[in-house]
Amino acid sequence: MMLLDMKQGDVNGDGVADNVYLIGNKASETAVFADNITLVVQDGRTGENTIVNFKNNAGYNARLFLGDFSKDNVPDVLVSIDSGGSGGYGFFYIYSFRSNIVRTLFDVDLYNKEYVFRVNYEDFYKVSVGSPRLNVLFTIDISYKGYDYLSQFYDEGGKLKQPIQGEVLALGAVYPVVTDPKSLSYDLLAIQRIIGTTNADTLGFVENFLTWNGIRFESSRLTVSIPGTPLAIHF
């Protein structure tokens, strides 16, 4: 086992800094891929180790971040691992170790099951991104895509030739965001990529701003962002 990342912070709240390690198996010191990635927290007061295993334990650029997500003035541990695939997925977990009790605050698999969207091409160069479960619908204008792209799916009148679906990919990134500079607590920005009929066809991003409510992370702002296009000549 090799050391992949290491941070220090008082994650159990006893006033003494603890050592937080991310370890895993690598083919060599310079290899970027690791498997059997494991989280180890060493109590700074007693020296005892707490070991946490997670389901998705292989990937690239495994890293740690310490920050107070649960608003209890004790840093939590964010583990991030890149899948390395063309989809740009990631594996993310947040754990609390307050009073040396391990609690899972965020699990990427549970998130991906909850935030599922349907992506449908609509008449007149529109794409709908919706979730009946979340009671939300977004509409993306793809008229900027140009004739070569649009003519694959639309007739000359702007009607779909046949039903076409896209996809919202699994969670690709999470970013800690400071919203209260006084307490230095963090919220979480979760991002999923929206694609058309191929993985290379990015239509936009689902951006979900998550805040800890005392029990779980809940969405306080769910939006869709789109890539910019060249400014139209008539502007």
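At a glance:
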| item | result |
| --- | --- |
| Selection count, segment 114-142, where residues are free of Cβ contacts under 8 Å to residues at least 40 places away in the same chain, in contact with a Gly (Cβ under 8 Å, 6 or more places away or on another chain) and either surrounded by 14 or more Cβ atoms within 10 Å (Cβ to Cβ) or in a loop (DSSP other than H, G, I, E, B) (or both) | 3 |
| Test result for ASN12, within 23 Å of LYS71 (Cβ to Cβ) and part of a loop (DSSP other than H, G, I, E, B) | yes |
| Which listed residue is open to solvent by 60 Å² or more (accessible area, probe 1.4 Å) and aromatic (Phe, Trp, Tyr), from PHE209, PHE205 | PHE205 |
| GLY157 of a type in the set (Gly, Ala, Ser) and either modelled with pLDDT of 95 or more or in contact with a His (Cβ under 7 Å, 6 or more places away or on another chain) (or both) | no |
| Checklist (1) in a loop (DSSP other than H, G, I, E, B); (2) exposed (fewer than 13 other Cβ atoms within 10 Å of the Cβ); (3) not small (Gly, Ala, Ser) applied to THR179, failing item | (1) |
| Per-region count, segment 22-41, residues under 19 Å from ILE94 (Cβ atoms) and touching a residue at least 24 places away in the same chain (Cβ under 8 Å) | 6 |
| Filter result (in a helix (DSSP H, G or I) and either open to solvent by less than 60 Å² (accessible area, probe 1.4 Å) or over 18 Å from GLY9 (Cβ atoms) (or both)) within segment 100-111 | VAL108, ASP109, LEU110, TYR111 |
| Among the residues listed as VAL102, VAL108, the single one being more than 15 Å from the chain's Cα centre (by Cα) and hydrophobic (A, V, I, L, M, F, W, C) | VAL102 |
| Cβ pairs under 6 Å, 6+ apart, first in segment 82-95 and within 16 Å of TYR175 (Cβ to Cβ), second in a loop (DSSP other than H, G, I, E, B) and not hydrophobic (A, V, I, L, M, F, W, C) | TYR89/SER83; PHE91/ASN56 |
| Selected residue [touching a helix residue (DSSP H, G or I) at 6+ places or on another chain (Cβ under 6 Å), of a type in the set (Phe, Trp, Tyr) and crowded, with 21+ Cβ neighbours inside 10 Å] from PHE91, PHE97 | PHE91 |
| Breaking point among (1) modelled with pLDDT under 95; (2) touching a strand residue (DSSP E or B) at 6+ places or on another chain (Cβ under 6 Å); (3) hydrophobic (A, V, I, L, M, F, W, C), for LEU134 | (2) |
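Every residue, every condition in (1) charged (D, E, K, R); (2) open to solvent by 40 Å² or more (accessible area, probe 1.4 Å); (3) over 15 Å from SER99 (Cβ atoms), yes or no:
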| residue | (1), (2), (3) |
| --- | --- |
| GLY24 | no, no, yes |
| LEU39 | no, no, yes |
| ARG45 | yes, yes, no |
| ILE51 | no, yes, yes |
| LEU64 | no, no, yes |
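The values are calculated or read from the model by the stated rules, or taken from the named source; none is laboratory data. None of these values were measured; they are calculated from a predicted model. Every residue, glycine among them, receives a Cβ derived from its backbone with ideal geometry; neighbour counts consider all protein chains shown. Keep in mind that these areas ignore ligands, DNA and RNA; they rest on the heavy atoms of the full protein, side chains included. Shrake-Rupley method; radii C 1.70, N 1.55, O 1.52, S 1.80 Å.
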